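Mind looking over this structure? Questions follow.
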Amino acid sequence: MKSLLQYYIKRQTLISIKNYIHSILSPIMSTSSPSSSQNEYVPPFDPLKPSLPISYPLKTLEDIETRSYFKSFHFPFNISTVPPSSTSLPLRPRCLVCHDMEGGYVDDKWIQGGSNESAYAIWHWYLIDIFVYFSHNLVTIPPTCWTNAAHTHGVKMNMMVQFFRFIASIALLVGNLFRKMQNCLWFSKAKDSSSQENESFLAIDPPPFDPLKPSTPISYPLQKLEDLESRSYFKSFHYPFNVASVPLPSSSSSLPSRPRNLVCHDMAGGYVDDKWVQGGTNEGAYAIWHWYLIDIFVYFSHNLVTVPPPCWTNAAHTHGVKVLGTFITEWDEGRAICNTLLSTKESAQKYAELLAELAVALGFDGWLINMEVELDVVQIPNLKEFVNHLTQTMHSSLPGSLVIWYDSVTIDGNLSWQNQLNDLNKPFFDLCDGIFVNYTWQEDYPKTSATAAGNRKFDVYMGIDVFGRNTYGGGQWTTNVALDVLKKDEVSAAIFAPGWVYETKQPPDFQTAQNRWWGLVEKSWGLLRYYPLVLPFYSNFDQGHGYHFSVGGEQVSNESWCNISCQSFQPVLDYSVESSPNTIQFMVDFNDASFSGGGNITFKGTLQDNAYFSTRLFKGELPLEDTPIHIMHSVKSDGSSLVGLSLEFSSELNKKVSVLLAYDSMNQVASKFDKVVTPYRVTKLASEVQAAPEWIIQETSITMNGFMLTGIHAVCYKSKAKLEKLRVEQARGPGGRKLIQAGSTEFFASLGHITIKTSNQSSDFPPSTLWVVEGHNISWASGPKGTKTLSIKIVWSLKGDSSLFPMYNIYVEKQAKGTRSAANAEVQEYIGVARVRAFYISEYLVPPGTSSLKFVIQVCGVDGACQVLDSCPTLVLDVEAQ
């Protein structure tokens, strides 16, 4: 514990230093062209991609330690070509001139010259002995123009070289310290991860860890072909935790015959908060919840084999979205990998089969192949064999799977991005399921690509870089410009790096900016996915993060958390509705106590007494038969505010019917719907906080044989009974008559969840005796003052079909010494949630005086119902015997 405390102090100190350095650094330098206006948008600078050569500084110690400058496209252009003409300084007073002109890197950054005829320059070199190029960046590297001019006149530029070496040595020492600290961080519980920014700062270079030893489960990529060939992932302690538990619905096995939307993740290098399989502690972690606008999701990083963390696969599959991993080769290392991969036809087939095996075992749907290296033309036949064999093996192993080629190396072996489908990349397109076209295309390229694709034009995914790096339309807040062109030309889209909203901290906050940005996608292309499609259907509106966690209306944890695997069906809210003082505002609320998970939909504003407000929640395509469907929803409100549900149905004859599910509604509200159905059961849950609103659960049944459920709306209205009571109370008070005449009151209510199912889909939980619960990899350690720490892997299995139970809540109950009755045990402490039938607890602190620990596995059904804790399977550990 002492070493952990020392580590924590060191870690926080370094983070503070890092944050201070960042606070004084100047903004990232402009990369506009020499003739650009200062008011034009400047895309983020990618030193790896070819562009006009520039000089630029280094911003972080990591840039020095990783020698990133030498890997840059711009490095060879930045080498000074004029050697120094003098080696020693004169024995006299000398003149040192320090540049510091407008922050540095202005016109002089353009190595091949700019267009400003009045750019700043120095020509009085005969008055100077030493010239220092200065800026407020961490490492300021003199542009070569200054070094060439100075050396021509015998002026030294070596002071910055000495400073560079000094900083580099510091970076090496700090880097070694980081790696030692990371060993502790990597094996610590997910709670040790702080904010996403600090986490990524400490994890720039993946720390060495032993995947065979028990530790907090993580997702991680494969770096070498040897890792793939040895099948090391399957031997890892982390493997069973990384298997996605949600299968792709059969209705999504085939891609729709229309333009599709592929979204490529590429967020902060990948494996940030999402690497913690059992969840992290960053309530503000990045997530996507607009799945109804996506057909294919690609998890991307610059590692050789990028395996999607299971949280993404679970959330995407819930919404019918396919998930691909990434296989990428880059730079000299990638060329060496390709030499092995493509050495023979047999080797190409072998690695293709290994990739297919990995995808099928982990439960995702295929691969994006990105070969960003120059190849010898003699290697192309084996590359084609690799693509073809991977595609065929995936299809035979997993029907509906996909292999998509990235527009990179051509059939001639040249690394040349075509930005369209043409004869140079079509041979690869013909062997797989589609092509991800590079994102610097021109306006007519989608149409020519569609022509080249023939009857496969929907398999052409035209890239759009949301960061705006030379992408058509500019990306960012004008991403819809490119989408409009693609829709017009009837080809598919590949949106690259939508995490731009998160990474660049778009105002005013991530939730608002994210909804606004995806609103551009919806406005351009409309909804692509509909749900519910089948029953049971359940949504608690959880985005996979929050400040607390609730189960069945009871808050079980007040700790911040993130776990995208916890996402249920996401509501299709219409954020384009402009709010006004006379309308109801709505949002997914993470601060207010939730019914289930970490969020609910909150409605607030003012509402006329006899009026109602309605907004879209879901758009479905659910065919109904002559069987009643049961709808359950939970509401929490203040005063007279209530929330009902409006269901929209349509028949084959295009007959439309609207049904209001509500109780205690005004006649003026009810008359707006074709039918009103009151709940057959209303249950009030006692509030944990005195005088706080309680959750009210309404249960309704309806039969609509031959109709299709096409929409679900929330309906906000006033309680007739409570409003009448309020009017009487106001009339008796001072000024009451004026209040009655006002006719509008404040509205505040929360919608906690929606469940739709048939009567034969009720969750009948098996008795605990049918479950087998075991403890593996048990490790005890002694702590200070009589405490102990426990690490344990808990696994459980059902003697029968467990597919109906997709989620499990994990609790622990501590039994004090000298007491054996349940009445003397502490309340169950919530530990976390599992999507597989295993959960690892790392270094759990056991206080002195504890005789035993009872771990409770709460089984949850597909309809959102959870088993009563007293009836759940358990595992009891004897602490005293340790």
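About its Cα centre, what dipole magnitude does the range 537-761 give when the only charges are +1 on Lys and Arg Cβ and -1 on Asp and Glu Cβ, stated in debye to the nearest 20?
Values: 19 positive and 22 negative charges, 175 e Å.
My answer is approximately 840 debye.
For the range 115-130, take each phi angle, set θ = phi - 60°, evaluate the Karplus expression 6.51 cos²θ - 1.76 cosθ + 1.60, and give the result in whole Hz per residue in order, putting x for glycine and proline.
Calculated HN-Hα couplings, in order: 10, 8, 5, 10, 5, 5, 7, 10, 10, 9, 5, 5, 9, 10, 9, 9 Hz.
Dipole of the range 537-761 (Lys/Arg Cβ +1, Asp/Glu Cβ -1, origin at the Cα centre): which of L622, V556, L607 lies farthest to the positive side?
L607
When a/c is below 1.5 the answer is rounded, else prolate if a/b is larger than b/c, else oblate, so apply that to the range 561-650 with a ≥ b ≥ c taken from the square roots of the Cα gyration tensor eigenvalues.
Here the range 561-650 falls in the oblate category.
Students often get this wrong: which residues of the range 640-662 have the backbone nitrogen under 19 Å from the point 7 angstrom along Cα-to-C-beta of M708?
Only 647-659 pass the distance filter.
Moving on to the next point. Lys and Arg at +1, Asp and Glu at -1: add these up for the other residues within a Cβ distance under 13 Å of K656 and post the number. Intermediate values should be presented prior to the final figure.
Values: positive: K655, K675; negative: E648, E652, D674.
Charge balance in the 13 Å sphere: -1.
What does the charge add up to near T393, with Lys and Arg as +1, Asp and Glu as -1, over the other residues with Cβ less than 15 Å from its Cβ?
Combined, the nearby Lys, Arg, Asp and Glu give -3.
Could the peptides 479-485, 397-403 be put in order, highest first, of the mean number of other beta-carbon atoms found within 10 Å of their residues?
479-485, 397-403
Rounded if a/c is under 1.5, else prolate if a/b beats b/c, else oblate: with a ≥ b ≥ c from the C-alpha gyration tensor eigenvalues square-rooted, which is the range 76-117?
oblate
Something else: What per residue convex hull volume, in Å³, do the alpha-carbon atoms of the range 537-761 yield?
Spelled out: Cα convex hull of the range 537-761, divided by residues, is 141 Å³.
Report the net charge of residues surrounding A315, where surrounding means a beta-carbon distance below 14 angstrom and charges are Lys +1, Arg +1, Asp -1, Glu -1.
-1
How long are the semi-axes of the equivalent ellipsoid of the range 524-574, defined as square roots of 5 times the Cα gyration tensor eigenvalues? Whole Å, largest first.
Semi-axes from the Cα gyration tensor: 26, 14, 9 Å.
Still on this structure, please answer the following. Out of the GluC sites (Glu not before Pro) in the range 576-665, which ones are loop residues according to DSSP with at most 14 other C-beta atoms within 10 Å?
E578, E625, E652
With an 8 Å cut-off on Cα pairs and a minimum separation of 6 or more residues, tell me the relative contact order of the range 373-419 in percent.
Relative contact order comes out at 49 percent.
Further, regarding this structure: Which of the trypsin sites (Lys or Arg not before Pro) found in the range 759-855 are loop residues per DSSP with 16 or fewer other Cβ atoms within 10 Å of their Cβ?
Answer in residue order: K799, K817, R820.
For the residues R258, R92, what sequence is obtained by ranking on other C-beta atoms within 10 Å, fewest first? Could the numbers behind the result be given before it?
Details: R258 12, R92 6.
Starting with the residue having the fewest Cβ neighbours, the order is R92, R258.
How high is the relative contact order of the range 768-878, given as a whole-number percent (alpha carbon pairs under 8 Å, six or more residues apart)?
31
Next question, about the same structure. Can you give the translational diffusion coefficient of the range 768-878 in µm²/s, computed by Stokes-Einstein from the Kirkwood radius over Cα pairs at 10 °C and 1.306 mPa s?
108
With a cap of 11 neighbouring Cβ atoms within 10 Å, and only residues DSSP puts in a loop, list the trypsin sites (Lys or Arg not before Pro) found in the range 566-628. Please report the intermediate quantities before stating the final value.
Values: sites: K604, R616, K619; in loops: none.
Qualifying residues, ordered by number: none.
Within a 10 angstrom radius of the beta carbon, how do L354, L647 rank from fewest other beta carbons to most?
Fewest to most other Cβ atoms nearby, the residues stand as L354, L647.
Continuing with this model, one more query. Arrange the peptides 383-389, 245-251 so that the one whose residues have, on average, the most other Cβ atoms within 10 Å appears first.
Averaged packing, sorted descending, gives the order 383-389, 245-251.
Okay, next question. Run the dipole for the range 768-878 about the Cα centre, Lys and Arg Cβ at +1, Asp and Glu Cβ at -1, nothing else charged, and hand back the magnitude in debye, nearest 20.
It works out to roughly 300 debye.
Throughout, read-outs are computed from the coordinates displayed, never taken from laboratory work. Bear in mind that the values here come from a model prediction, so they are computed numbers and not experimental data. As a convention, Cβ positions derive from the backbone with ideal geometry for all residues, glycine included, and neighbour counts pool all protein chains shown.
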